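Everything below concerns the one structure shown next.
Readers should treat all values here as calculations from the given coordinates under stated rules, not as data from a laboratory. Note that the structure is predicted; figures quoted are calculated from it, not measured. Heads up, the Cβs are rebuilt from the backbone with ideal geometry, glycines too, and the neighbour counts pull from every protein chain shown.
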Protein chains: 2
Amino acid sequence: MDDLKARYSGARVLITGGMGFIGSNLAHRLLELGADITIVDSCVEGQGANPFNVADIKDQIKLYIYDLRDRGPMASVVKDKEYIFNLAAFTSHIRSYENPLEDLEVNCRSHLIFLETLRKHNPGAKVVYTGSRCQYGRAQYLPIDEEHPFNVVDINGAHKAAVEYYHRLHELHFGMRCLRVRLANIFGPRHQMNHSKQGFLNWFIRVAILQDTIQVFGDGSQLRDFLYVDDAVEAILLLAARDECYGEAFNLGSGKPLSVLESARKVAELTGCSYCLTPFPSEYAAVEVGDLYLDIAKIQRAIPWEPQVDFDEGLARTVDFYRRFGEHYWECEGFESFDRAAAGSSGNPTHLPYDDKVR
Amino acid sequence: MDDLKARYSGARVLITGGMGFIGSNLAHRLLELGADITIVDSCVEGQGANPFNVADIKDQIKLYIYDLRDRGPMASVVKDKEYIFNLAAFTSHIRSYENPLEDLEVNCRSHLIFLETLRKHNPGAKVVYTGSRCQYGRAQYLPIDEEHPFNVVDINGAHKAAVEYYHRLHELHFGMRCLRVRLANIFGPRHQMNHSKQGFLNWFIRVAILQDTIQVFGDGSQLRDFLYVDDAVEAILLLAARDECYGEAFNLGSGKPLSVLESARKVAELTGCSYCLTPFPSEYAAVEVGDLYLDIAKIQRAIPWEPQVDFDEGLARTVDFYRRFGEHYWECEGFESFDRAAAGSSGNPTHLPYDDKVR
């Protein structure tokens, strides 16, 4: 993609949540394209940030352990950036159900503060915000297009919707440039593997590699829309490179439904493990949305993009990645040396770069 | 309405925001019906609370100056209530645009805390939440029915949407009973008359009574849906009395569009003042939604209700009210004697009843 290289080579890019799953994959791709990359991540445990995700590129990027609410340091970080990929989020539906006020604070309030910081210090930046399918909640029709109402079924969905509104309103009222993406079930390397509260496929893969039995809740017939992370990253970069895409919202998925049971069967087949059906635990049943897959016609009209890695191939690459590097993911390591109170708390942040804090 | 009397006579009712416009009108009606009424209001200046709104009934109700965030005192207030009319809100679109974080705090966070308090201390209460037309934002089609997506155009709308989601999710996840109402342009006595940031009709009436010229922004052609407050109160009470209405959202308006210009003309005609057209100030233009009126078929299927007071009659009653009592509304009085820091702040609330704090 010479097109992307021309656009991003030398571009000053900020990735929030850049030590997490999609953020770190995006960073790797942007580095190939020659971008000047800064990452901020609050490194909250259990949310996806993993030092290993950027260990191989840490000398070629700037990395700061900040929270979006850290106005002062964030002001200095955002001020000269051309592109801002705003990926930071708590993404657990279950956790939001257990602690809605925490979810409000870290999802809504932090993004509102961040947008105010941006408006003040860099209102001309191009901002890409990644929301999610969970904004749609239970489908009124399938596939879900961008006009589908937000029928959220959990607090996290309500807050993701609010944060998308914030981005839209900052365009509308203050002339900022924001592009909103609603992600399907993105999967692939560098996803956290410590718990099953941010999706199930990563958990199936962990269980399979560790040679346990995959447990599928219910009858597993619910359809999902899986997209391999490299394809997601490519689409995000293509969208962000086109001025006419700002001000718009785009679904980002494969558009191809696959059942949860079928995904489990494929993981089992690939790894030689077994799988079984088990009743839904109540906390999962409460946030279950039924079938959910996306209409991707709009994004395909906007950019020349087609998923290149199908589910089977993506799964094979993912399993291979965790077979090689799983030890860095089964228990997230590297956080012990964090001075979290100093590094992550708003109001009293430190500016220490990566190497001083994470080993 | 014997039906309502049977339902509410002796019923223990809490009204949040009960010193404000709709809350105080609701309190008057519930008192006629024989309810046992408790009001809480945080009495934030400029938001609608006015001691005069309940001055004539203050000896027959319990009134507390609490904020929804005051968990301890709110727990004791909610715990034995059968009906909770949750009307407390900051309703200024302009103010939310000027201070989005304040709006997040007082609209979203306060309601989330309040719902958590309710869940803990009175999960079986019947809760009526009043959202607004602003959740719909700019209309994709007219009249707007309850299935219309939320295309919010201001932060206040985003937060009203989030709070409606909170109520819905507390039904869905925790089995609470919540009924959600989306209000059109409700008008009538007891609305604040200090500023034009919560609507325009009240402002037109103030200007007219004080014999100035009504200024209509733009060409005044935008259509609105006006409903007289007594009709709104009756509908809310009928909905809340029907168990089958919980779990649902209902538009509440007249369903009859009237232009802003026409409303100005009617006010002018009634009062003998003049009106003129003037360009939109930018802060109003940013939150202007164009035509907006509601489809009220759903509420009319649910309850035997038809607006009884048309716009002309409602306007005549409203103008008459402010001609008689305007002195209590032109400048909101009675707040000077408040020890606001003690009475209104979360975490350090007082339990002082009305008479000790407001004169």
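General remarks:
- Fluctuation leader among A:TYR129, A:TYR141, A:TYR329 - chain A, Gaussian network, Cα springs under 10 angstrom: A:TYR141
- Based on alpha-carbon atoms, the Kirkwood radius and the radius of gyration of the protein assembly as shown give Rg/Rh equal to 1.00.
- Inter-part distance, the range B:32-96 to the range A:73-137, computed on C-alpha centroids, equals 33 Å.
- For the residues of A:168-178, the average number of beta carbons from a partner chain within 10 Å of their own beta carbon is 3.
- Average other protein chain Cβ within 10 Å of Cβ, residues B:142-154: 3
- Peptide B:111-118 - average C-beta neighbours from other chains (10 Å radius): 2
- Within the shell of other residues whose beta carbon sits under 10 angstrom from the beta carbon of A:ALA11, the net charge comes to +2, with Lys and Arg scored +1 and Asp and Glu -1.
- The dipole here belongs to the protein assembly as shown: it is taken about the Cα centre, uses +1 on the Cβ of Lys and Arg and -1 on the Cβ of Asp and Glu, and is about 500 debye.
- For the residue pairs A:LYS58/A:LYS256; B:LYS5/B:LYS79; B:LYS62/B:LYS120; A:LYS160/B:LYS62; A:LYS62/A:LYS126, the C-alpha atoms sit more than 27 angstrom apart in A:LYS58/A:LYS256; A:LYS160/B:LYS62.
- Rg and Dmax of chain B, Cα atoms only, in Å: 19.2, 55
- Net charge of Cβ neighbours under 14 Å - reference B:ALA75; Lys, Arg +1; Asp, Glu -1: +2
- By the beta-carbon count within 10 Å of each Cβ, the least crowded to most crowded order of B:PHE280, A:PHE226, fewest first, is B:PHE280, A:PHE226.
- Net charge dipole size for chain A [Lys, Arg +1 and Asp, Glu -1 on Cβ; Debye, nearest 20]: 720 debye
- Coupling constants for the range B:71-77 follow from the phi torsions by the Karplus curve (6.51 cos²θ - 1.76 cosθ + 1.60, θ = phi - 60°), and in residue order they are 4, x, x, 5, 4, 6, 6 Hz; glycine and proline get x.
- In terms of other Cβ atoms within 10 Å, A:SER92, B:SER76 run from fewest to most in the order B:SER76, A:SER92.
- Sorted by Cβ density within 10 Å, fewest first, the residues B:HIS170, B:HIS28: B:HIS28, B:HIS170
- Annotation: amide H of A:ASP36 within the under-5 Å range of A:GLY10, A:ALA11, A:ARG12, A:VAL13, sequence separation 5 or more or interchain, hydrogens built in the peptide plane.
- For the range B:193-204, Karplus couplings with θ = phi - 60° (6.51, -1.76, 1.60), whole Hz, Gly/Pro x: 10, 8, 7, 9, 8, 10, x, 10, 5, 4, 5, 4
- Cut-off under 5 Å, modelled amide H: who pairs with B:TYR275 long-range: B:ILE214
- Proximal aspartates and glutamates relative to A:LYS197, as straight alpha-carbon distance under 17 Å, when same-chain residues fewer than 8 apart are discounted: A:GLU45, A:GLU98, A:GLU102, A:ASP103, A:ASP154, A:GLU283, A:GLU288, A:GLU331
- For the range A:315-321, the Karplus equation 6.51 cos²θ - 1.76 cosθ + 1.60, evaluated at θ = phi - 60°, returns couplings of 5, 4, 5, 5, 4, 4, 4 Hz by residue, with Gly and Pro reported as x.
- In this structure, the amide hydrogen of A:SER259, modeled 1.01 Å from its nitrogen in the peptide plane, lies closer than 5 angstrom to those of A:ARG224, counting only residues at least 5 positions away or on a different chain.
- Leading residue at positive end of dipole, chain A (Cβ point charges), from A:GLY290, A:LEU237, A:HIS121: A:HIS121
- Net charge in the neighbourhood of A:HIS173 (other residues with Cβ under 11 Å of its Cβ; Lys, Arg +1, Asp, Glu -1) is -2.
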